[in-house]
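Since every read-out is calculated from the coordinates, none of them should be taken as a lab result. No experiment lies behind these values; they were computed from the predicted model shown. Because the Cβ atoms are built from the backbone with ideal geometry, glycine has one as well, and the counts that use them run over all protein chains shown.
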Amino acid sequence: MKSTQINEYYKKKYSTLKPSQYEWTSGTASPKLINMVETGVIPEGAKILDIGCGIGTEAVYLALNGYDVTGLDISKDAIEKGKQLAEFYGVEVNWLVADVLGIPIKSDSIDVVTDRGCFHCIRAEQREKFANEIARVLKQGGLYTMSCFSNQVPGNPYPVETDHFVINHFGVSSKEILETFSASFSCEKLELITNSKAGEKGFYGWHSMWYKL
């Protein structure tokens with residue numbers, strides 16, 4: 001998949017939707033990320049790379065908490081909105097318009113990589129390259145934290161987007177996650193999360209934490 005196609009997809013989305021309508025983001029950082037900051041799982045002073053950062057909600061939250069943050073997204077439209085958000089809150093974030101399969105950051109230089117909704121947009125044949133690139137930029141023992149859609153969605157309440165750059169992109173299995181990352185990372189946590197009662201339609205996702213071997 002060419003980056004120009006992905007850019008065109010998000011350019012269309014960002015130009016036709018209000019921020020509150022972006023299904024891949026929200027107005028605040030995720031509860032999981034907030035908890036990792038408050039409990040010290042993400043250590044003070046960490047150098048953080050937020051991949052697929054979108055409009056920068058989590059990158060700005062991390063910067064507000066004193067971290068050295070780089071927000072990376074393939075969509076320049078998203079990055080422009082991220083810059084506006086950072087300016088509004090008066091924080092500094094390093095912004096990169098780049099493909100996560102070729103991160104323009106030197107090896108072994110990042111303490112934590114955060115990923116909220118990027119992995120499930122990676123095609124199956126590109127997942128190994130994705131994992132290798134994250135492992136490359138992380139320091140030894142560095143943390144990769146990832147949240148993504150699960151394929152365990154009763155009735156799949158999400159409409160199929162025929163123009164999306166990933167076919168059947170709505171979720172991945174725990175097996176696929178483990179197969180992708182176990183070669184380079186040690187799995188600290190892999191849990192199914194949901195905002196729905198058992199068996200009901202709604203959001204089902206994975207939250208996981210990995211440390212670079």
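Under the rule of at least 5 residues apart or a separate chain, name every residue whose amide H is placed under 5 Å from the amide H of Trp95.
Gly71
Please arrange Lys189, Lys83 by counting, for each residue, the other beta carbons lying within 10 Å of its beta carbon, fewest first. Spell out each step's value before the answer.
Working: Lys189 12, Lys83 16.
Placing the least packed residue first, the sequence is Lys189, Lys83.
Can you sort Leu62, Leu85 from fewest to most other Cβ atoms within 10 Å of each residue's own Cβ? It would help to have the intermediate numbers written out before the result.
Values: Leu62 27, Leu85 20.
Least to most surrounded, the residues fall as Leu85, Leu62.
What net charge is computed for the residues neighbouring Asp68, neighbours being all others with C-beta under 14 Å from the C-beta of Asp68, Lys and Arg scored +1, Asp and Glu -1? Mind dumping the intermediate values first?
On the way: positive: Lys47, Lys139; negative: Glu44, Asp50, Glu92, Asp111.
Residues near Asp68 contribute -2 overall.
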